[in-house]
Amino acid sequence: MRALIDACAAPDFPARIVMVLSNRPDAPGLDVARAAGLRAEAIDHRPFGKDRAAHERAVDALLREAGVQLVCLAGYMRLLTPFLTEAWAGRMLNIHPSLLPAFPGLHTHERALQAGVKLHGCTVHLVTEVMDDGPILGQAAVPVHPGDTPDALAARVLKQEHRLYPAALLNLLRPETASSGHREAALLVV
């Protein structure tokens, strides 16, 4: 999230962040957003119980009210329903800590080490109804070293995530912004 905030703060970057939104009112990212002078909101998912679509309707309404055109997921750890993935199809990005299609879901670093892969990394992709399965916009790889721990590997991958996400967003926006100026983006974070 911080890498996207920093990138979007540059005057020549073709997007600006109009909101940081979380499903957790206590998400640390909200404080980071406020410190950067950004609008920070939370729509707690807990009062919605098991009705994910109702929670997502509230999220969607707030995104639209804010004039959001793109959504960048940054640590948003909820499975999305078809309602939200279809409403934002082609306009919602996610970053995942593996070289997709390998290791979708959770515990990617542990699973990469258990599998004995030589390369691991991160992927920025468009979000679809299928978890971690949308079209890939960019990837960055890191070597897996003998004796790596999940934490050591995660730290190397995180450095690449910070470089990759703004670059992938920039590449996605470049054709559209040549004549139209900035796009309004929101970050959904935890």
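Quick check: is even one residue across the range 57-66 within 23 Å of GLU129 (Cβ to Cβ), in contact (Cβ under 8 Å) with a residue 12 or more places away in the chain, part of a helix (DSSP H, G or I) and among the charged types (D, E, K, R)?
yes
Output the residue which, of all residues in the range 128-152 that are free of Cβ contacts under 8 Å to residues at least 24 places away in the same chain, surrounded by fewer than 16 Cβ atoms within 10 Å (Cβ to Cβ) and among the aliphatic types (A, V, I, L, M), is farthest from LEU70 (Cα to Cα).
ALA152
When you check HIS125 against the structure, is it outside any loop (DSSP other than H, G, I, E, B), in contact (Cβ under 8 Å) with a residue 12 or more places away in the chain, touching a Lys or Arg at 6+ places or on another chain (Cβ under 9 Å) and buried (at least 21 other Cβ atoms within 10 Å of the Cβ), yes or no?
The answer is no for HIS125.
Each row is one residue, and each column tells you yes or no for (1) more than 20 Å from ARG78 (Cβ to Cβ); (2) not in a helix (DSSP H, G or I).
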{"position": "CYS8", "(1), (2)": "yes, no"}
{"position": "ARG16", "(1), (2)": "yes, yes"}
{"position": "ASP26", "(1), (2)": "no, yes"}
{"position": "LEU30", "(1), (2)": "no, no"}
{"position": "ALA33", "(1), (2)": "no, no"}
{"position": "GLY37", "(1), (2)": "yes, yes"}
{"position": "ASP44", "(1), (2)": "no, yes"}
{"position": "LYS50", "(1), (2)": "no, yes"}
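Can you tell me which residue in the range 91-122 is nearest to the chain's Cα centre (by Cα), limited to those that are over 28 Å from LEU63 (Cα atoms) and in a strand (DSSP E or B)?
Restricting to residues being over 28 Å from LEU63 (Cα atoms) and in a strand (DSSP E or B), the top hit is GLY121.
Restricting to the range 76-90, give me the number of residues that are over 20 Å from TYR165 (Cα atoms) and in a helix (DSSP H, G or I).
5
Suppose the filter is at pLDDT below 95, surrounded by fewer than 22 Cβ atoms within 10 Å (Cβ to Cβ) and under 30 Å from ARG52 (Cβ atoms); does ARG78 pass it? Walk me through it before giving the result.
Details: at pLDDT below 95: yes; surrounded by fewer than 22 Cβ atoms within 10 Å (Cβ to Cβ): yes; under 30 Å from ARG52 (Cβ atoms): yes.
The answer is yes for ARG78.
Quick one: is LEU73 closer than 26 Å to GLN160 by Cβ and part of a loop (DSSP other than H, G, I, E, B)?
Spelling it out, it is not the case that LEU73 is closer than 26 Å to GLN160 by Cβ and part of a loop (DSSP other than H, G, I, E, B).
When you go through VAL20, VAL71 one by one, which is the residue that is touching a residue at least 12 places away in the same chain (Cβ under 8 Å), out of contact with any helix residue (DSSP H, G or I) (no Cβ under 6 Å at 6 or more places or on another chain), of a type in the set (Val, Ile, Thr) and surrounded by 13 or more Cβ atoms within 10 Å (Cβ to Cβ)? It would help to see each step written out before you state the result.
On the way: VAL20 fails: out of contact with any helix residue (DSSP H, G or I) (no Cβ under 6 Å at 6 or more places or on another chain).
Step by step, each of VAL20, VAL71 is checked, and only VAL71 is touching a residue at least 12 places away in the same chain (Cβ under 8 Å), out of contact with any helix residue (DSSP H, G or I) (no Cβ under 6 Å at 6 or more places or on another chain), of a type in the set (Val, Ile, Thr) and surrounded by 13 or more Cβ atoms within 10 Å (Cβ to Cβ).
In the range 28-39, how many are crowded, with 18+ Cβ neighbours inside 10 Å and either at pLDDT below 95 or more than 24 Å from GLU56 (Cβ to Cβ) (or both)?
Going through the range 28-39 one residue at a time, the tally reaches 1.
The values are calculated or read from the model by the stated rules, or taken from the named source; none is laboratory data. Remember, predicted model here, so these are calculated numbers, not experimental data. Cβ: placed from backbone, ideal geometry, glycine included. Neighbour counts: every protein chain shown.
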